[in-house]
């Protein structure tokens, strides 16, 4: 059986001007993952990155750890199919109209705008994000400028199929990507419903890894959201 290891990127810059950049904590999480894998003898035959900067940088840091120790690290391949679902675009596109028609969304947006403390703002944005993306997944929202949920899942299926088709019989593959991609891949293995898949996308820790076993006939979840390397509670982040 081949082993596919999906890594969620390290902590990015949430609610900053450039989200798609690892924070200092995200860089530390990535380095600690590389050091843990070295200690435990993890080896990989193929490496893939999603196209976002946070995907590439997480993988680059792990690769640097391997190379500095003289360990093998294959030449990475970037797959555009492994990009995250357009959650921020969903909120930006549909929020103005939803504020006019949904009182609860209008109230949440006002609370978020007026929040003084960062933790409060984060919590309110999460509620707003969940409310709107659930509607998008349920196909209640549509725009030619936003990728539909079904198209996102189909895109992930294509990317994972490319990886599987190129894998050796007992190959070991690592993929650096986002939580939504991981959830959509687990969806394929467990036949999850759309809303359950969306919920799962919010649960992966930064720099955690999920493992799936596969052959031409089989695609099975082996483990989810592993983070034994993140022993310090300060390193346990969701965003």
Classify region 89-132 as rounded, prolate or oblate, taking a ≥ b ≥ c as the square roots of the eigenvalues of its Cα gyration tensor: rounded when a/c is under 1.5, otherwise prolate if a/b is larger than b/c and oblate if not.
-> prolate
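Mind checking the full-extension length gain between residue 139 and residue 202? Use 0.36 nm per residue of separation minus the Cα-Cα distance, one decimal, nm. Show your work: numbers first, answer last.
Working: separation 63, 0.36 × 63 = 22.68 nm, distance 1.92 nm.
Contour length minus Cα-Cα distance gives 20.8 nm.
On average, how much area does the Cα convex hull of region 126-166 cover when viewed from any direction, in nm²?
Result: 3.7 nm².
Students often check this: by mean Cβ neighbours within 10 Å, which of 47-55, 138-146 ranks highest, and how do the rest follow?
Sorting 47-55, 138-146 by mean packing, highest first, produces 47-55, 138-146.
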Beta bridges per DSSP with both ends in the chain, % antiparallel, nearest 5 | 50 percent
Calculate the length of the line joining the C-alpha centroid of region 1-76 to that of region 83-130, in whole Å.
-> 30 Å
Output the Kirkwood hydrodynamic radius of region 34-85, Cα pairs only, in Å rounded to one decimal.
-> 11.5 Å
At 20 °C and 1.002 mPa s, what whole-number value in µm²/s does Stokes-Einstein give for the translational diffusion of the chain, with Rh from the Kirkwood sum over Cα pairs?
-> 115 µm²/s
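Every read-out reported here was derived from the displayed coordinates using simple, explicitly stated rules and does not represent laboratory data. It should be emphasised that the depicted structure is a prediction, and the values quoted were computed from it without experimental measurement. Please note: Cβ atoms are built from the backbone with ideal geometry, for glycine as well, and neighbour counts cover all protein chains shown.
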